[in-house]
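Structure record follows, encoded as structure tokens.
The values are calculated or read from the model by the stated rules, or taken from the named source; none is laboratory data. If you're wondering where the values come from, they're calculated on a predicted model, not measured in any experiment. Every residue, glycine as well, gets a Cβ built from its backbone with ideal geometry; the counts of neighbours run over all protein chains shown. Ligands, DNA and RNA are stripped out before the accessible areas are found, and what is left, the full protein with its side chains, is counted by its heavy atoms. Shrake-Rupley method; radii C 1.70, N 1.55, O 1.52, S 1.80 Å.
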Amino acid sequence: MQRKLTLGLATGLVVTLLTMTSSVFAQKSATDDIAKYREMIADGNPSELYEAAGEDLWKKPAGPKNATLEKCDLGLGAGVVKGAAAQLPRYFKDTNKVQDLESRLMTCMQVLQGRDPQEMIDAAFQKGPKKDMEAIVAYVVTLSKGDKIKVSTAHPKEKEMYDLGKRAFFFQGGPMDFSCASCHAENGKRIRLQDLPNITEQKGAAMGWGYWPAYRVSSGQFWTMQQRLNDCYRQQRFPFPIYGSDVTIALSMYMAKTANGGTVETPGLKR
Amino acid sequence: MADPMRVRAAENGGTVDVKILMKHDMEAGQRKDAAGKTIPQWFISTINVKANGKDVFNGQFGPAVSKDPFLNFKYKGAKGDKITVTWIDNKADKRTDEATVS
Amino acid sequence: MNDQRRSLLKYSAVFGLMASTGLISLAQAQEWNKAAFERKSLDDVFKILSSGSPEKSAAVTLNAPDIAENGAVVPVGISTTLKAEQMAILVEKNPSALAAQFFIPAGTDSFVTTRIKMGQTSNVYALVKADGKWNMSVKEVKVTLGGCGG
Amino acid sequence: MKKTNIKKLLAITGFILTSSLIHNAAVAQQKNDPKFNKMIQDSFRAEGIAGLDRIDQDATQKFCSDTQFANSKKGEAMRVKIQKINMDTIKQPSDGNYIGDWKAGERIAQSGRGATWTDKADAAVGGGCYNCHAIDPKEISHGNIGPSLSGYGKLRGYSQEIITYTWNRINNSKAYNACSNMPRFGHFKLLNEKQMQDVMALLLDPESPVNK
């Protein structure tokens, strides 16, 4: 008897709660469904197709010097690819610069293969030399999958880049007054049904930095971090960030450093 | 020439799980290029999978299959089976890749 | 062994012979069903697949998300406890309803997963032909607008 | 002797601690950093309709880029000033009409297009409202950066006060909240007068699904 009463009360309470929160509930289920969708497409990431092509390009002699990229130093010594993406961006003594993966690869292509970096900078994404770059990036980042993000700001130039990046993250401009922070500085926010990681915190930064580069299902393309940032700025209604420019490297440094300790999940699979 | 596929095939309890990723634009003929011209249909139309020379799967795609198509199926087989995947598209371009069941 | 099965076996044997002797190519052996893929409506495709009106069956499971974050890639799987000979995926509101069809030889599981494009929210149909008869399962998949939209 | 030394040390430590606390509390406006400015200048190029003038910040953008100061007690006077500047930019509708066609408003609210370097100069700019707000409850794909606007008119009423406030807010949200995340649709001419009237109708026409 008592049990029945309790049960009845509990049911009543549940019904009330359900009615009260029905709209919240509907929203919650919509985001849950999106999570289910993502789970379903997680198997069979087309990034693999790029990664295979990238490995070939890494080992194939090219450029005026007809050399491979196998001696490229990504920060762990000449030719070490395994784990390299997890510790970028970083300071490189030979260029006296902080470089991200793509700007470093341009250096390697220039020094080892004799290719002109300007051609890479000027090329459109997904075309010409950029297509090669994208495949090579897919190959390199796959070899850090599962590693911990481990970016250093010990060198003064690294620290400086981090500080510049942090400032750039909050820099508003354009006809919509947007900065990166407009969308990525609070927890629990969404655009439409897409969760927005809070990049100012470790957890959110790892969600962002750790999953790019990624295959983007909406465009059917593999996007490097440079292209990801480029399209962020496009949507922010900014002018065009030059490929490998300091603002892109500074932002990468800020995101990567904030994400330290998170896991490299690249190449990711994104909407 | 078409880009290579990724074929993964793993045996577990007498069943081989085959996962195939094909590199193809799968153009549906619905999009327009920068000049406003419709981009013509271009898609993989048939796919055949053999294990040790014997058909284990046949598929036909329309242009509504996603870009870089993914296919997963299972057949009764064993480790060491030689899997041969062939696709043909509507422009008669074709590609064959092989994998060994692990 | 019933007659139908016997005739099917005979047919496959002849076909197999033709294929192995090079009389027909792979493409011809499973010739792409142009008519079915070019029909617009569900009913037209049903007709061409000579499926009549397929019956809804609990034995057919359509594995698809309730909401697709992007219509360009919608994962769709079919599995069934029936012994499938042929399977098909149809999207009611796509420009052409038939997205893909599969032929399942003996020894292959009655299971397939692929990914399709959907222009808008629509019913998705999983069709399974077993014992010469078509069965189906239907599910609505919502296609949402995602991202900043620019 | 030893004792006094320790005392001294303690005093100094205390002083350092206190001063650093004070320093933290008193947030100063971010200094102009030539290195940062140069980085921004050198990192972008004009593309399509997106010219380099887009990174020349106005007073509002400059103030709001320093979030720490903008949100601090010290920043309050400046916040009020920024809001005043923005309030002064708002023009009421030239034809006196505030409420247009809610159906057209819904289309504007749905579209997040326009004003990027891949858009043409004459391409219509969307409001992108659903990116951040719940509006028509039937649309499940909505963001939550801004508050829900479902039932907007029904909940707030249709008084002239509410109408004017809403018009102002769409025109220039920064008139009420200096560093609101919402774009200044009127100020930057992202939406024209008619489009803003249509979006108004979506929120404030009793016939709009928002108020059903």
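Below is a table of values for the structure above.
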read-out	value
Single condition A:Gly173 does not satisfy, out of (1) open to solvent by 40 Å² or more (accessible area, probe 1.4 Å); (2) facing chain D (nearest Cβ under 10 Å)	(1)
Enumeration of residues in the range D:200-212 that are closer than 21 Å to D:Val125 by Cβ and either modelled with pLDDT under 95 or open to solvent by 10 Å² or more (accessible area, probe 1.4 Å) (or both)	D:Leu203
Close pairs from the range A:43-72: first without any contact (Cβ under 8 Å) to a residue 24 or more places away in the chain and more than 9 Å from chain B (Cβ to nearest Cβ), partner open to solvent by 70 Å² or more (accessible area, probe 1.4 Å) and in a helix (DSSP H, G or I), Cβ under 7 Å, at least 6 apart	A:Glu70/A:Lys59
Residue that is open to solvent by 20 Å² or more (accessible area, probe 1.4 Å) and at pLDDT below 95, where the choices are D:Asp88, D:Asp122, D:Asp95, D:Asp101	D:Asp122
Qualifying positions in the range A:70-125 - of a type in the set (Lys, Arg), surrounded by 15 or more Cβ atoms within 10 Å (Cβ to Cβ) and either modelled with pLDDT under 95 or farther than 20 Å from A:Lys145 by Cα (or both)	A:Lys97, A:Arg115
Some residue of the range A:201-212 being in contact with a Cys (Cβ under 7 Å, 6 or more places away or on another chain) and open to solvent by 20 Å² or more (accessible area, probe 1.4 Å)	no
For D:Ala104: the one exception among (1) of a type in the set (A, V, I, L, M); (2) outside any loop (DSSP other than H, G, I, E, B); (3) within 11 Å of chain C (Cβ to nearest Cβ)	(3)
Wholly enclosed helices (runs of 4 or more DSSP H) of the range D:151-212 bearing at least 1 residues under 26 Å from D:Gln57 (Cβ atoms) and β-branched (Val, Ile, Thr)	D:160-171
Filtered residues of the range A:217-226 (kept if crowded, with 24+ Cβ neighbours inside 10 Å and not hydrophobic (A, V, I, L, M, F, W, C))	A:Thr224, A:Gln226
Residues satisfying the stated conditions in the range D:132-179, i.e. of a type in the set (Val, Ile, Thr) and away from chain C (no Cβ under 14 Å)	D:Ile162, D:Ile163, D:Thr164, D:Thr166, D:Ile170
Qualifying residue in the range B:35-46 (condition: more than 8 Å from chain C (Cβ to nearest Cβ) and over 30 Å from C:Glu92 (Cα atoms))	yes
Search result, residues across the range A:236-271 that are more than 19 Å from A:Trp223 (Cβ to Cβ) and polar (S, T, N, Q)	A:Thr258, A:Asn260, A:Thr263
Any chance B:Ala10 is more than 11 Å from chain C (Cβ to nearest Cβ), open to solvent by 10 Å² or more (accessible area, probe 1.4 Å) and modelled with pLDDT of 95 or more	yes
So B:Ala78, is it more than 10 Å from every other protein chain (Cβ to nearest Cβ) and either open to solvent by less than 10 Å² (accessible area, probe 1.4 Å) or modelled with pLDDT of 95 or more (or both)	yes
Candidates D:Arg107, D:Arg184, D:Arg113, filtered to the one that is open to solvent by 10 Å² or more (accessible area, probe 1.4 Å) and at pLDDT 95 or above	D:Arg107
